[in-house]
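Here is the structure we will look at, set down as structure tokens.
The values are calculated or read from the model by the stated rules, or taken from the named source; none is laboratory data. Note that the structure is a prediction, hence the values are computed from the model and not measured. Glycine gets a Cβ as well: all are built from the backbone with ideal geometry, and neighbour counts include every protein chain shown. Each accessible area value is taken on the protein alone, full model and side chains, heavy atoms only, with ligands, DNA and RNA left out. Shrake-Rupley method; radii C 1.70, N 1.55, O 1.52, S 1.80 Å.
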Amino acid sequence: MKLHVLISEFCAGNPPKNIKWKNQSKRKYCSNHFCFVLFFPVVLFFMLLCFNHLFFENIKGFVYFHGKSTGSETYFPGKLNETEDSCLGRYIYIHDLPKRFNEDVIKDCQLITRSTDKYSMCKSLENSGLGPGIEALNASDLCKNSWFSTNQFMLEVIFHNRMKKYDCLTDDSALASAVFVPYYAGLDLRRYLWGFNTSMRDLSGIDLVAWLARKPEWKRNSGTDHFLISGRIARDFRRKSNRKSDWGSNFRLLPQSENITMLTIETGYSKNDVAIPYPTYFHPANDFQVHQWQEFLRKQNRPYLFSFAGARRSKQKAPIRAEIIDQCQASNKLCNFMDCSLFNQCDDPVNLMSLFRSSVFCLQPPGDSLTRRSTFDSILSGCIPVFFHPGSAYTQYVWHLPKDHNRYSVFISSKDLRVGKVTINQTLLQVSKDEQLAMREEVIKLIPGIVYGDPRS
């Protein structure tokens, strides 16, 4: 089965269409169960990072098998045989990469720390990559020990640590439905992005594909069943020239690399790039904590119509942020603005989550790239995201966010906003209370699919 087909067919909460459920109540239970996504809603990979029993124990009677007549994989209702291999179709083989591709990258954590970072990246590596624990998120200390000051670039470490505990790992690559490449591409690149020539930035990626090409697992399918994770946006790995002034590496332009599926926080719209959520601050250890948090959000008082956490960007060609900040500050107390240019304002998870939890809508304009981690922080807070560019979410997270974006978000054209055709106040005040409630509920229901569980659980 091709990797992309496998990925598209195994969506959490959305069983394959050819499954016939025994009764509607059971179907409802499975789709609403709190089997939160740890990395993306793909059961093959979903099960790597989730609690296996939370999904499969609730669809007992549906067995995966290889159809003999068509040669394709399918599903059929029936009871699991005691001798049936429960990992059939879910086996993952992990390449045992040389340490220079992962462990050595983070061993000297000061090398991945920039002078402009608020704190050392060594702290971000604590707790299996989740970062330092947050003592108290709120007065009720809800979901204690599940909140961390997580760095958005730590996805590679978080994923790898969880993968090591996956139930269906195999040492026999011939059994594997997919092959995981635990290469810390983003963290490795971070060491050489500033002050190094392109050869240094490219060296690790070139070495990796050369190493992979010698392996029988690669030769079997030319790497089309391989996947890796990136905590950086896809554009960072697609440098087209060798000018030192150009950004990033050329890793994803290497012929062998193009066969690998890369799951990344923002795609470059390549056929083998898939967008998955940025890490948030919430890393639950079980499904009850997710349920507990959702119930808490449903009871939140939200005195502000909208909020924005960010700073002006003087280098932006289209200064949409400046316009947003000006409208927020002139909103007559409808908007709550957190100025991220001030020291530690937006780096404090408690402050940021408090801002979003007090707001009905959260503004999410493009930042250094089209997407923002803040989008997922707002969803985690039950705050309805407001987008100004379709590339900020709608064309990115197609596995995680509803296709009908009006169900969970508001779109305001940045062009219309700049020329004064619309205002933020005017647009958001037109959304009725009933519509707000429906959209907020949709946002809260998205939470199980966008949080990353604690790898140690």
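Summary table
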quantity	calculated
Odd one out for Thr375 among (1) buried (at least 20 other Cβ atoms within 10 Å of the Cβ); (2) part of a loop (DSSP other than H, G, I, E, B)	(2)
Criterion violated by Val105 - all others in (1) on the phi < 0 side of the Ramachandran plot; (2) open to solvent by 10 Å² or more (accessible area, probe 1.4 Å) satisfied	(2)
Subset tally (residues that are among the hydroxyl-bearing types (Ser, Thr, Tyr) and over 11 Å from the mean Cα position of the chain (by Cα)) for the range 221-238	2
Matching residues, the range 329-372, being aliphatic (A, V, I, L, M) and not in a loop (DSSP other than H, G, I, E, B)	Met338, Val350, Leu352, Met353, Leu355, Val360, Leu363
Set Asp368, Asp348: member being among the acidic types (Asp, Glu) and farther than 22 Å from Arg302 by Cα	Asp368
Qualifying residues in the range 406-424 (those that are out of contact with any helix residue (DSSP H, G or I) (no Cβ under 7 Å at 6 or more places or on another chain) and assigned to a helix (DSSP H, G or I)) - the one most open to solvent (accessible area, probe 1.4 Å)	Lys415
Some residue of the range 164-181 being over 21 Å from Ile260 (Cβ atoms) and touching a helix residue (DSSP H, G or I) at 6+ places or on another chain (Cβ under 8 Å)	yes
Every residue from the range 111-123 that is in a helix (DSSP H, G or I) and touching a helix residue (DSSP H, G or I) at 6+ places or on another chain (Cβ under 7 Å)	Ile112, Met121, Cys122
Test for Leu189: is it at pLDDT 95 or above, open to solvent by less than 50 Å² (accessible area, probe 1.4 Å) and in contact with a Ser or Thr (Cβ under 7 Å, 6 or more places away or on another chain)	yes
Residue check for Gln294: among the polar types (S, T, N, Q), under 20 Å from Ile379 (Cα atoms) and open to solvent by less than 10 Å² (accessible area, probe 1.4 Å)	yes
Of all residues making up the range 297-322, the number that are open to solvent by 80 Å² or more (accessible area, probe 1.4 Å) and either modelled with pLDDT under 95 or out of contact with any strand residue (DSSP E or B) (no Cβ under 9 Å at 6 or more places or on another chain) (or both)	7
Qualifying position, being at positive phi and open to solvent by 10 Å² or more (accessible area, probe 1.4 Å), among Ser245, Ser222, Ser241	Ser222
Test: Phe180 is in contact with a His (Cβ under 8 Å, 6 or more places away or on another chain) and at pLDDT 95 or above	yes
Boolean, Glu442 is open to solvent by 50 Å² or more (accessible area, probe 1.4 Å) and in a helix (DSSP H, G or I)	no
Matching residues in the range 237-296 - criterion: being assigned to a helix (DSSP H, G or I) and β-branched (Val, Ile, Thr)	Val290
Hey, Leu97 at pLDDT 95 or above and part of a loop (DSSP other than H, G, I, E, B) or not	yes
Qualifying positions in the range 210-236 - acidic (Asp, Glu) and either assigned to a loop (DSSP other than H, G, I, E, B) or not assigned by the TED database to the domain that holds Met163 (or both)	Asp225
Flag for Ser270 being open to solvent by 30 Å² or more (accessible area, probe 1.4 Å), without any contact (Cβ under 8 Å) to a residue 40 or more places away in the chain and not assigned by the TED database to the domain that holds Thr423	yes
Test: residue in the range 194-209 that is touching a residue at least 24 places away in the same chain (Cβ under 8 Å) and not in a helix (DSSP H, G or I)	yes
Subset of the range 425-439 (residues that are of a type in the set (Ser, Thr, Tyr) and either closer than 16 Å to Leu363 by Cα or touching a helix residue (DSSP H, G or I) at 6+ places or on another chain (Cβ under 8 Å) (or both))	Thr427
Test set (1) more than 24 Å from the chain's Cα centre (by Cα); (2) open to solvent by 50 Å² or more (accessible area, probe 1.4 Å); (3) not acidic (Asp, Glu) - Pro98 fails condition number	(2)
Residues of the range 252-267 that turn out to be more than 15 Å from Ala213 (Cα to Cα), out of contact with any Asp or Glu (no Cβ under 7 Å at 6 or more places or on another chain) and open to solvent by 10 Å² or more (accessible area, probe 1.4 Å), as a count	2
Cβ pairs under 6 Å, 6+ apart, first in the range 237-251 and farther than 17 Å from Tyr269 by Cβ, second among the aromatic types (Phe, Trp, Tyr)	Ser249/Phe237
